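The values are calculated or read from the model by the stated rules, or taken from the named source; none is laboratory data. Because the structure is predicted, anything quoted here is derived from the model rather than measured. With ideal geometry, Cβ positions are generated from the backbone for all residues, glycine too; neighbour counts draw on all protein chains shown.
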Amino acid sequence: MRLQLKRELAGKVLVVHVSDRLTEVDPRNWTTENYELNLSGMIAAVAILVGLALPTQAQDRVNVILDTDMASDVDDAGALVTLLNLEDLGEANILAVGVSMPHNWSALCVDAITTYYGRPDIPIGTVKDSVLDHGSRYAEGIATEFPRSRGWNSIDDVPEVIGVYREVLAQQPDNRVTFVTIGPLTNAAELLKSGPCQHINLNGRDLVAQKVIRWVGMGGNHREFNMTGDAPASKYALDSPNKWPTPVLMSGHGIGTNIRTGERLKDLPEDNVLRRAWSLYKGGAGNDWTHPNYDQAAVHYAVRGFDGGPAENYYELIGPGWFRIDDSEDDSRHGYVGYTGFRLDPNGLHRMKNQNPDTFNQDMIASELYELMKRNPYGKEPGDPRGPLAAPPD
Ligand SMILES: [Ca+2]
């Protein structure tokens with residue numbers, strides 16, 4: 001038998017031939033044009049055709065540590081919900097969520113959102129001491145209006161983040177962890193500086209080198225906040241002799257600016273946690289909820305942008321090279337110091353992600369992100385065959 005099927009994939013047509021000849025199907029080559037495979041391979045072909053959303057095998061999930069400043073901008077809440085739904089779809093595995101801003105309600109807000117999505121078991125940690133606390137329009141509201149699971153009353157009760165990261169990393173196989181930052185780089189630097197602990201006898205930099213495959217961050221050039229908000233940390237993590245030892249890919253400011261979502265979150269029930277976060281941030285449903293997707297774009301790319309994932313071709317990469325961080329400039333007009341540059345170097349480990357003019361379709365990516373942000377959490381879909389969500393412990 002012979003069957004030819006087509007699917008639009010990131011602007012390219014994938015053609016799959018099904019024949020009686022045995023040929024391997026390698027999903028990493030989705031963007032090449034043709035495959036031939038025998039009947040036994042048909043299941044794989046159908047899986048490719050109908051669902052880039054079909055659950056992958058557990059070993060194919062992207063293992064993610066998410067480092068967030070869940071406070072000043074509401075896109076962090078959108079990014080966490082995006083990641084939780086990518087996990088529910090079988091594409092990601094959330095190892096831990098760390099908070100990079102010492103705002104009293106940030107980690108408790110993460111507790112509430114992960115509880116809402118049926119994941120009260122995800123380890124959460126927070127930075128305790130940092131120069132950064134820009135306040136939040138939504139973190140306290142989410143933390144106090146929605147059930148939480150961890151029994152914390154304030155930031156004082158939350159585990160210190162570097163200890164959480166080290167314990168989680170120690171338990172992982174080598175080269176399997178994707179470290180995702182959607183806030184300032186305070187925790188990345190402190191992880192590198194950490195010493196051996198009871199979980200593993202490696203210093204932080206060696207631990208990262210052994211366990212982390214890549215760091216994907218939301219961070220832009222020039223004076224983008226995440227790269228310069230804690231400029232000394234950024235300099236240590238990206239531009240020092242002891243800098244991060246794996247490939248680093250930064251999702252630039254312009255990408256998130258060009259991907260806009262938010263307004264359709266008004267369609268969700270008023271007790272949906274993300275709708276509520278947006279409402280608190282935007283000052284009620286009477287206002288325009290349209291908002292850039294800086295952090296969601298980075299999380300989306302971290303999970304779907306590698307190893308043949310459907311977002312791999314949305315972007316082009318600038319580099320390799322090295323980020324250069326100037327942490328000496330006092331820019332009181334912007335309220336922070338620092339300046340970021342990028343120097344091309346064939347031996348560099350750093351890359352900047354940019355829109356691929358041939359395949360980047362902001363409306364298409366916004367639709368994907370909407371699907372992920374609006375998706376009902378486990379057990380809350382009417383008639384959900386997975387059954388009701390277990391009530392969080394008191
Ligand atoms: Ca952020």
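Things worth noting here:
- Criterion (surrounded by 16 or more Cβ atoms within 10 Å (Cβ to Cβ), at pLDDT below 90 and of a type outside the set (Lys, Arg)) met by exactly one of Tyr339, Tyr294: Tyr339
- If you go through the stretch 108-123 and pick out every residue that is touching a helix residue (DSSP H, G or I) at 6+ places or on another chain (Cβ under 6 Å) and buried (at least 24 other Cβ atoms within 10 Å of the Cβ), you end up with 6.
- Condition met for Ala188 (in contact (Cβ under 8 Å) with a residue 40 or more places away in the chain and over 17 Å from the mean Cα position of the chain (by Cα)): no
- Being crowded, with 18+ Cβ neighbours inside 10 Å and of a type in the set (A, V, I, L, M) holds for only one residue in Val216, Val131, and it is Val216.
- Any hit, the stretch 210-220, residues being among the small types (Gly, Ala, Ser), closer than 23 Å to Pro102 by Cβ and modelled with pLDDT of 95 or more: yes
- Of everything in the stretch 278-296 that is aromatic (Phe, Trp, Tyr) and within 16 Å of the ligand (Cβ to nearest atom), the residue that is nearest to Val62 (Cα to Cα) is Tyr294.
- Pick from the stretch 297-325, criterion away from the ligand (no atom under 16 Å from the Cβ) and of a type in the set (Val, Ile, Thr), ranking: surrounded by the fewest Cβ atoms within 10 Å (Cβ to Cβ): Ile318
- If you go through the stretch 106-131 and keep only what is under 23 Å from Ala233 (Cβ atoms) and among the small types (Gly, Ala, Ser), you end up with Ser106, Ala107, Gly125, Ser130.
- Residues being closer than 22 Å to Pro320 by Cα, in contact with a Leu (Cβ under 8 Å, 6 or more places away or on another chain) and of a type in the set (Gly, Ala, Ser) are represented in the stretch 208-230 by at least one member.
- Subset of the stretch 239-268 [surrounded by fewer than 20 Cβ atoms within 10 Å (Cβ to Cβ) and either among the aliphatic types (A, V, I, L, M) or in a strand (DSSP E or B) (or both)]: Arg260, Leu268
- The stretch 69-93, subset closer than 24 Å to Pro159 by Cβ, away from the ligand (no atom under 13 Å from the Cβ) and surrounded by fewer than 24 Cβ atoms within 10 Å (Cβ to Cβ), residue modelled with the lowest pLDDT: Glu87
- Close pairs (7 angstrom Cβ cut-off, 6 or more residues apart or separate chains): not assigned by TED's automatic domain parsing to the domain that holds Val81 in the stretch 286-299, within 11 Å of the ligand (Cβ to nearest atom) anywhere: none
- Residue check for Phe225: crowded, with 17+ Cβ neighbours inside 10 Å, farther than 29 Å from Arg119 by Cα and either of a type in the set (S, T, N, Q) or within 20 Å of the chain's Cα centre (by Cα) (or both): yes
- Residue match in the stretch 191-200 (condition: assigned by TED's automatic domain parsing to the domain that holds Ile142, within 16 Å of the ligand (Cβ to nearest atom) and crowded, with 20+ Cβ neighbours inside 10 Å): no
- Number of residues in the stretch 68-102 that are out of contact with any strand residue (DSSP E or B) (no Cβ under 9 Å at 6 or more places or on another chain), part of a loop (DSSP other than H, G, I, E, B) and either closer than 14 Å to Ala277 by Cβ or outside the structural domain of Asn226 (by TED's automatic domain parsing) (or both) equals 1.
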